[in-house]
Each structure stands twice: as C-alpha cells, then as structure tokens.
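**Q** Sharing a structure, written as structure tokens. Questions coming.
The values are calculated or read from the model by the stated rules, or taken from the named source; none is laboratory data. Treat the numbers as computed from the prediction; the structure is a model and nothing was measured. Glycine gets a Cβ as well: all are built from the backbone with ideal geometry, and neighbour counts include every protein chain shown.
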Amino acid sequence: MLRTFLWIVGASIVGVWAYHQKSETPVNYITNPGVIDSTSPPCLQMYYTIEKYAEEYNIPRNYAFGIANAETGYRGPFHWTYNQSLTSTAGAVGPMQIMPQYAAPYVDGQFTKTQLRDNIEMNVKASMRMLRKLKDKHGDWKLAFGAYNTGRPCVNGYAEKVSKFKPSF
C-alpha cells in the first residue's frame, strides 16, 4: 500500500513524501526521482519519464506534456487518479496514445499491444522518438503535432492545443 503525504509551504509544494511499497521508509519523490519505478504511482512515473525522454530527444517540455494532456488528460505529477492504460476508439494505446501498427520503429525490440499500453516507459519513449522524427521531417512543431494526431502533417485544433499548452506544475 502506498501512503502519500504532501509537504506544502505557502503556495509551493516542497516535496511529496511517501512510504514506498518496498519499505516503510519515507521517500521524497521530488528530491529523489531515482526511486521512481514500475511500483510508483502512474502520475509520478509519467512525470519523470516525460522529463527524461523530452530532454533526450530535444522535445520542448511544454510540448511533451501537452501531448500527454491532449491524449489522456494527464495533469502532472500530482494527478493521483491518472489512468495510463487507455485505448482509443481508433486503437491507439497507452499514456501517449500510440498506434501499435506504427510503433515498431520507435520501440526497442519486440513488444505486445498490452506492453505498449501498460508500460509507461516504453510508450513515452516511443512517443518522444516519433515526435522528434516528425519534427525533423516536417520542420515545424505544429505540423509534427498534426501528423502525430492524424498521420499526416496538418495544423488542426489538436496541433494548436498542444502548441499552446503551459504546464501548471
């Protein structure tokens, strides 16, 4: 069982202390992100995984979080009710809503649709790789967002929404 406590000073959150599932020792997830693993809450896994791969693939942070917000409603590291294991009516899966039939070039090794849906690290990494390729190919972030959303480069409402996203966390 994961018990979580917020330490708030004024209007700023200083840390998230939790009793990690593997021990009864309190862990500060903000100052020690190395403790984030597959047993951590999905909202924290998402936050640190997006931060990691956005930096690695040179995706502006607000765009990376904008995709997560547009695709699955992700609202940041304190979105405790976040559900990453979603499947769209079109068949896109996971936190960044990747179409399994197009994922192979962006995933390391073999994978199943279930793994792509449920494995936050795999899904986010594939998404960031795909975004980097789309940006390099089309030369414009809005066209890349449109292509991510529709499969073809365009500036649609989705692209506008992602390009204007400002994380509030």
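**Q** Count, please, the residues in the stretch 106-117 that happen to be in a helix (DSSP H, G or I) and farther than 22 Å from GLU55 by Cα.
**A** Matching residues across the stretch 106-117 total 4.
**Q** Filter the stretch 136-169 down to residues that are in contact (Cβ under 8 Å) with a residue 60 or more places away in the chain and surrounded by 21 or more Cβ atoms within 10 Å (Cβ to Cβ), then give me how many there are.
**A** The total comes to 3.
**Q** Being outside any loop (DSSP other than H, G, I, E, B) and of a type in the set (D, E, K, R) is the filter; apply it to the stretch 51-105 and report the residue that is surrounded by the most Cβ atoms within 10 Å (Cβ to Cβ).
**A** Only one residue fits best here, namely GLU71.
**Q** Going by what's in this entry, would ALA104 be described as assigned by TED's automatic domain parsing to the domain that holds GLY139, out of contact with any Ser or Thr (no Cβ under 9 Å at 6 or more places or on another chain) and over 25 Å from PRO167 (Cβ atoms)?
**A** yes
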